Amino acid sequence: MMTMLKKILKKKGISPLVATVLLIAFAVALGALVISFGQSFLQNQIGTSEKVAEGSLDCTNIRLTFEEVKFDIDGGDSVSGHSGEAVLNISFYIESELVLRVKDFTLVAQTEDGDFQKFSEVNTTWNPGVVPIDVTGVDFRKITYYIDLDPDNDESKNITKVILIPVLSTREGTETRSCNNQKETLNSDSTKYFIV
């Protein structure tokens, strides 16, 4: 038993030169792996940041200004297929320093009882030529919304606040971006608001 132990203890380990070469090779391989992972992660983060920055820049370069809002509680007719519905006609200016594609508008209407109704798509049959539009400079638009209000509730019959939010298409045209920070709000006590 003692002889076997002596044989094991007499065996030499790896030479210091080979050990150093193996450690350097391991460190280089590990470093290459970390750099490869870090590079793909960083490129992904930069791409996401560029999209967010581009969207923020686009949204800050668009402005809405109401010219006139007309609310007709009995404006729907059988010709339009909206008999008994209220009609909200919105005239507004849209302005941009850049060429931006407005894909849609979101309308939020608040009634006297505090309820909000959201209309997220402009119907191009009722509003031909309104969307999509490429805006550069100042452009004038009119939109008509047909709103189904509760006929049994007097407080829901009058719209007291109108909020219009532009929805932009990304430059690639693959996604849309709602510009909530560029919304235009008009209260019913404004001189631009008319109840017909």
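The modelled label-to-label distance between residue 60 and residue 172, using points 7 Å beyond Cα along the C-beta direction, is 2.3 nm. Each of the peptides 180-189, 31-40 was scored by the mean count of other Cβ atoms within 10 Å over its residues; in descending order, highest first, they stand as 180-189, 31-40. Cβ-Cβ distance of residue 113 and residue 133, R₀ of 30 Å, FRET efficiency by 1/(1 + (r/R0)^6): the value works out to about 0.30. Remark: the residue 45-residue 26 segment gains 4.0 nm on full extension, using 0.36 nm per residue and subtracting the alpha carbon distance.
Throughout, read-outs are computed from the coordinates displayed, never taken from laboratory work. Just so it is clear, the model here is predicted, and its values are computed rather than measured. Don't worry about glycine lacking a Cβ; one is built from the backbone with ideal geometry, like all the others, and counts go over all protein chains shown.
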